[in-house]
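S.K.: Once you've had a glance at the structure underneath, I'll fire off some questions.
The values are calculated or read from the model by the stated rules, or taken from the named source; none is laboratory data. All values derive from a computational prediction rather than experimental measurement. Note that we place each Cβ from the backbone using ideal geometry, even for glycine, and neighbour counts take in every protein chain shown. SASA here: full protein model, heavy atoms, side chains in, ligands and nucleic acids out. Shrake-Rupley method; radii C 1.70, N 1.55, O 1.52, S 1.80 Å.
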Amino acid sequence: MQAVAKSKPVYDLSRFDRSTSVNKKGAKARTAARSAARAKARPQISGFSVFCGAVVFVMLIALLYSYVHLTEASDINRRREAELEDLREQVQMLEVSRNQRMGALQVRDWAVTKLGMSKIDKSQITYVSTSGGDRFEIGEEKPQTTSKLVAGLAKGFSTVIEYIN
């Protein structure tokens, strides 16, 4: 068999040794190289991207402003509708009172012109006194001469004769 030769270590553990300044310098160089690689890998922000972002931001602000304006307009609209309803109710009440006032005058004019009626004279007025109280008289009842059975038979007989005629 061959003699086992000393071989180089498989792992370079000197990298992990923090005591040497060489390792620190190498680590700093590697860190700088990594950050430069990241900077190169990071996409550059173009002017078009900034412009699109600004446009989107302005559109969002405009959208919020339009929602605020729409809410204010709908509140104003609700208040105006309530005022309109109140005014319609007032118009109805005024029309009813006008019709009541004018109705009596129109009825009187119509009665005089169309029906030929005139105002009442004092001679046409008759007063009735109710101070004596109400009274009534009941007339004497006639005694029944026929019984109910005979009255029913007579009624039935008359109905049959009417049917035959």
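S.K.: Sort region 50-165 into rounded, prolate or oblate with this rule: let a ≥ b ≥ c be the square roots of the eigenvalues of the Cα gyration tensor; rounded if a/c is under 1.5, and if a/c is not under 1.5, prolate when a/b is larger than b/c, oblate otherwise.
M.R.: Verdict is prolate for region 50-165.
S.K.: Lys/Arg Cβ at +1, Asp/Glu Cβ at -1, dipole of region 44-130 taken about the Cα centre: which of Gln92, Trp110, Ser123 is farthest positive-ward?
M.R.: Ser123
S.K.: Then there is this: Using the Karplus curve 6.51 cos²θ - 1.76 cosθ + 1.60 with θ = phi - 60°, what ³J(HN,Hα) values do you get for each residue of region 122-127, in whole Hz, with x for Gly and Pro?
M.R.: Values, residue by residue: 5, 6, 7, 7, 10, 9 Hz.
S.K.: Enter the accessible area of Asp86 (Å², nearest 10), with the probe set to 1.4 Å and all protein chains included.
M.R.: 90 Å²
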